[in-house]
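> I'd like to ask some things about the structure below.
The values are calculated or read from the model by the stated rules, or taken from the named source; none is laboratory data. These numbers were taken from a predicted model, which means no experiment stands behind them. Positions of Cβ are backbone-derived with ideal geometry, glycine not excepted, and every protein chain shown enters the neighbour counts. Remember, those area values only see protein heavy atoms, side chains included, never the ligands or the DNA or RNA. Shrake-Rupley method; radii C 1.70, N 1.55, O 1.52, S 1.80 Å.
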Amino acid sequence: MSPEKKNQIKEFIDSLNKQEQAWTNGYLDGILNGIPATESLTPKAGAENKKITIAYGTESGNSKKIANIFASRAKQEGIHAKIVSLDQYRLSDLPKEEYFLTVISTQGEGEPPASAKKFYDHIHQNGFKLPKLKYGVLALGDTSYPMFCKAGEDVDQQLGSLGGSRIVDIQRCDVDFDSDAHHWMNEVIQKISGNHTASEPVSKQVKKSTGKKIYEGEILTNINLNDRGSSKKTHHIEIACEDVYYKPGDSLGIVPHNPVAVVDAIIAHTGIDPERTFVHRNDTYSVYELLQKKLNIIYLPERVVAKYAAHVRADIPHIKTGLLNLLQTYPVKDAAHFEIFLQQLEPTTPRLYSISSSLETVDGEVHLTVARDAFTIEEELKFGLCSDLLCSLKAGDKIDFYIHHNDQFRLPDDHKDVIMIGPGTGIAPFRAFLSERESAGASGRNWLFYGDQHFVSDFLYQTELQQWLESGVLNALDVAFSRDQPEKIYVQDKIRQKATEFFQWLENGATLYVCGARRMSEDVEKTILELIAKSGKQEDAETYLNELKSTGRYLKDVY
């Protein structure tokens, strides 16, 4: 694109308000996704006075993308559309809404994304009615996870329970969401506008993507970053893969295979034919393939244990345990009895690990920072299925993975400052950020807060961080090692010590990032709210922080 055109576009965008920018974004995104531009953008008859709210809850950015496209489509039909993130939505407005459309994803064990948690809790915990509300829910999910689209289903059911009327039925979308999402948008718009001839169903014109691309990588390096005396094992793993593509902020997804010894023991204990085939998620697999590669058999959630208890008619404590342990303690009658329960097992949940490298510095490689998860069940030491597998891999071993793109956790322009808060393995994406900014020669300043238990044994990537500090890539580094003194010190304590400077960076336009444990992120946010409130410049710290969120300057990747 010529410099003249770039300047024209920049001037045009600068002249728009936020709603107009959102509309333009959705309009262009729609065109790129195969939606034809209408011959006229003037409001169509019958829709001029219709107003809708499109609220989205997103973790990776897909819900926001769809919401923007939806708003653009609605406005082309003359419907006034307001877009808002669910963490910015004023909950007191819900009873006043006439048309309320929600695009929401599902995380982990069926939970809503962090940005939708407040809204989700509000509609479930407060006794009110919504008799005037007309609503629709577009639920995004991933059929690799057992609780597919659960958060969207919960919202849809609860809004109905509160007295709302569905405009259209809930639409559940897998990772190939384009076609289903556009069909849902078209149906909603037709219902609201009353114009059943407006816009041919877009789903016919949208190419369906092929879903996740599975890569095969080879382990180059796998080393424990913790030193002698540490109670932890955190591995730095380098994987070679020629055609891999990702951006800093993305994660690597793995569906771990179950140990062969456990699979063999289950087959021997039940007498089931390992070659017998079953249909699972529209594909056919042998019993052995299901048990080894597809089904969760190692740590069954309580809901599955409860199903097994009902199946064998036994009083089993609702605890997290393995299938083999259940079979040994509460055996099935025979192979046929086990076959029935086999079909009630849930798929193995993919594990996501923040990528700790940049393709600008390690072309054809992807790096991970993986903590070996250790815990006890009935006083027996156990290890996480996937983290244990990854930490045991040797150079030359092969591994299949996919890239989970996260457009909600991206670096700003090169001239912008960034503040990164990432204790423990939360440092992973920030190693990628710093590598990327060093390679790009970014002029923006970089400030990192890092923490762990002990300086001597748990300072991950210490040498690299010190080199970045000396070279000027890293402008400030504050560390907190909680167990090196009688009083525990955490990253939020370091932030509190630098409150004035921290707030000044925010005032100067810095983007704030937090990565790591959810509990840590909550403590950090409380501290940031405190220092904003004490700055003397803002009467409402919540409003200030919400403005950072809405403008993409406060981003979190927590687990």
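> Are any residues in region 423-452 hydrophobic (A, V, I, L, M, F, W, C), part of a strand (DSSP E or B) and crowded, with 23+ Cβ neighbours inside 10 Å, and if so, which ones?
Matches in region 423-452: Leu448, Phe449.
> While we're here: Could you list all residues from region 398-422 that are within 30 Å of Gly141 (Cβ to Cβ), open to solvent by 10 Å² or more (accessible area, probe 1.4 Å) and either at pLDDT 95 or above or assigned to a helix (DSSP H, G or I) (or both)?
Lys398, Ile399, Asp400, Tyr402, Ile403, Arg410, Leu411, Pro412
> Quick check on region 301-330: of everything there that is touching a residue at least 40 places away in the same chain (Cβ under 8 Å) and under 20 Å from Ile267 (Cα atoms), which residue is surrounded by the fewest Cβ atoms within 10 Å (Cβ to Cβ)?
In this case the residue turns out to be Gln328.
> Could you pull out every one of the strands (runs of 3 or more DSSP E) wholly within region 453-559 that has 1 or more residues that are within 24 Å of Ala432 (Cβ to Cβ) and without any contact (Cβ under 8 Å) to a residue 40 or more places away in the chain?
Of the strands (runs of 3 or more DSSP E) lying wholly inside region 453-559, those with at least 1 residues that are within 24 Å of Ala432 (Cβ to Cβ) and without any contact (Cβ under 8 Å) to a residue 40 or more places away in the chain span 476-481.
> For Phe455, all conditions in the list (1) crowded, with 19+ Cβ neighbours inside 10 Å; (2) out of contact with any Gly (no Cβ under 7 Å at 6 or more places or on another chain) hold save one; what is the number of the exception?
Going through (1) crowded, with 19+ Cβ neighbours inside 10 Å; (2) out of contact with any Gly (no Cβ under 7 Å at 6 or more places or on another chain) one by one, Phe455 breaks only (1).
> While we're here: Would you confirm whether or not region 373-382 contains a residue that is part of a strand (DSSP E or B), of a type outside the set (Lys, Arg) and at pLDDT 95 or above?
There is no residue in region 373-382 that is part of a strand (DSSP E or B), of a type outside the set (Lys, Arg) and at pLDDT 95 or above.
> Can you find a residue that is in a helix (DSSP H, G or I), open to solvent by 40 Å² or more (accessible area, probe 1.4 Å) and at pLDDT below 95 anywhere in region 134-147?
The answer is no, given that none of the residues of region 134-147 is in a helix (DSSP H, G or I), open to solvent by 40 Å² or more (accessible area, probe 1.4 Å) and at pLDDT below 95.
> Report the residue count in region 112-133 for those that are surrounded by fewer than 16 Cβ atoms within 10 Å (Cβ to Cβ) and among the aromatic types (Phe, Trp, Tyr).
Result for region 112-133: 1.
> Follow-up question, since we're still on this one. Please pick out the residue among Ser209, Ser203 that is assigned to a helix (DSSP H, G or I), surrounded by fewer than 21 Cβ atoms within 10 Å (Cβ to Cβ) and at pLDDT below 95.
Of Ser209, Ser203, the one residue that is assigned to a helix (DSSP H, G or I), surrounded by fewer than 21 Cβ atoms within 10 Å (Cβ to Cβ) and at pLDDT below 95 is Ser203.
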